Amino acid sequence: MKQEWKGPLRLGVVLFGLYLAVHYWEKLSALALLALGAGFPLVLGAVIAYAVNILMSMYERWYFPRSQQPAVVKSRRPVCLLLSYASLAALVVLIIRMILPELIQSVSLLLQELVPLLQKLSVKLNENQDQLAALSGLFAADGTINWQELAVKAVNFLLAGLGGVMGSLMSLISATVSTAFTAIVSVIFSIYLLLDKETLSRQSARVLKTYLKPAWYSRLLYFLETLHNCFRRFVVGQCTEAVILGLLCMAGMLLFQFPYASMVGTLIGFTALIPVAGAYIGAGVGAFLIFTISPVKALLFLVFISVLQQLEGNLIYPKVVGSSIGLPGIWVLAAVTIGGGVLGIGGMLLAVPLAATFYQILRDDVKKRNELPPET
């Protein structure tokens, strides 16, 4: 009798939970966003730890792998962790050193072009000073200056400018402090996660075994392992594809004699970490920089990058990333399109490995069912 009530009771609890979720959706979503905002540094730290762990695991395989001496075993994790963060920091510094000098040079050229333009504009304004002053109300009808109107406008302009500057300065300081705090907490949390990842894994497994049935535990473990493998291969494939695209862009720009070849190639390779659409972001910045030297070359560069992006998006990306995660190219394009439409850039980053995970699970389940005897 007791067993007969379990099914209806669970169904009633689920339906009641759905009713509460629908009825109080706004409050629950606001509470969820508040919790996500408060825990964002920890979430970001977990993401950083997951990405750094890929590089750290590679270093650990190279760090005296056959040695069992206590000193080597104890130092393997800290040394490899330090090398991983040092490698990422060196990569960021290298990218900045390749981009920043040429960026400063292009801005200087742009300012040099703007100075004569502003001078011509000033001359033109001086030629039409009488008409502009009359329209602005600074001159009275008899041609004398309306000093009261001039003073009011000057005070209003100074107050508005001062208020805008102070507000912008406070917003900038607040955003800088908040970003720095988030980054520091995230990095520290990621270090703790990486140093104690085996302990955390054992503790999580013990908790799941305690509260889940063996069948559910095995299914969850299989899902998490598949998800981890797909995400790891996706990160490696995405970085490989970004390097390929950056090198192709740099080679093409050198071939067609476009300016800023090394800087724009590096920038596009860096932004190409965003699936499919990331290269267009770098292309926009690159076109603006080339425009400061030659508008015609900027237009030709946009044509070149459009052709390269089509080649990369339809041939290179599905082959490199799709083959690394075991997902056919057509589903890679479909996942990026749907993920970008739903969640933007974040959806593009998550859609491909998630699609690969469900594709792998579905393929394994179909294979398993087809191998069972007919009577089963």
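Numbers for the structure displayed
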quantity: So I361, is it farther than 18 Å from E241 by Cα, in contact with a helix residue (DSSP H, G or I) (Cβ under 7 Å, 6 or more places away or on another chain) and either surrounded by 21 or more Cβ atoms within 10 Å (Cβ to Cβ) or modelled with pLDDT under 80 (or both); calculated: no
quantity: Residues that are in contact (Cβ under 8 Å) with a residue 40 or more places away in the chain, over 16 Å from the mean Cα position of the chain (by Cα) and assigned to a helix (DSSP H, G or I), drawn from the stretch 238-275; calculated: T240, I244, L245, L248, C249, G252, M253, S262, M263, T266
quantity: Residues of the stretch 9-46 satisfying the condition of being surrounded by 12 or more Cβ atoms within 10 Å (Cβ to Cβ) and modelled with pLDDT of 80 or more; calculated: G39, F40, P41, L42, V43, L44, G45, A46
quantity: Some residue of the stretch 201-209 being closer than 19 Å to P41 by Cα, at pLDDT 90 or above and of a type in the set (V, I, T); calculated: no
quantity: Residue in the stretch 276-292 that is modelled with pLDDT under 80, among the β-branched types (V, I, T), in a loop (DSSP other than H, G, I, E, B) and over 14 Å from the mean Cα position of the chain (by Cα) present; calculated: yes
quantity: All positions within the stretch 293-303 that are in a helix (DSSP H, G or I), out of contact with any helix residue (DSSP H, G or I) (no Cβ under 6 Å at 6 or more places or on another chain) and either modelled with pLDDT under 85 or surrounded by 19 or more Cβ atoms within 10 Å (Cβ to Cβ) (or both); calculated: P295
quantity: Subset of the stretch 174-227 that is within 26 Å of the chain's Cα centre (by Cα) and of a type in the set (G, A, S) - its residue that is farthest from A49 (Cα to Cα); calculated: S174
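The values are calculated or read from the model by the stated rules, or taken from the named source; none is laboratory data. Model, not experiment: these values are computed from the prediction. With ideal geometry, Cβ positions are generated from the backbone for all residues, glycine too; neighbour counts draw on all protein chains shown.
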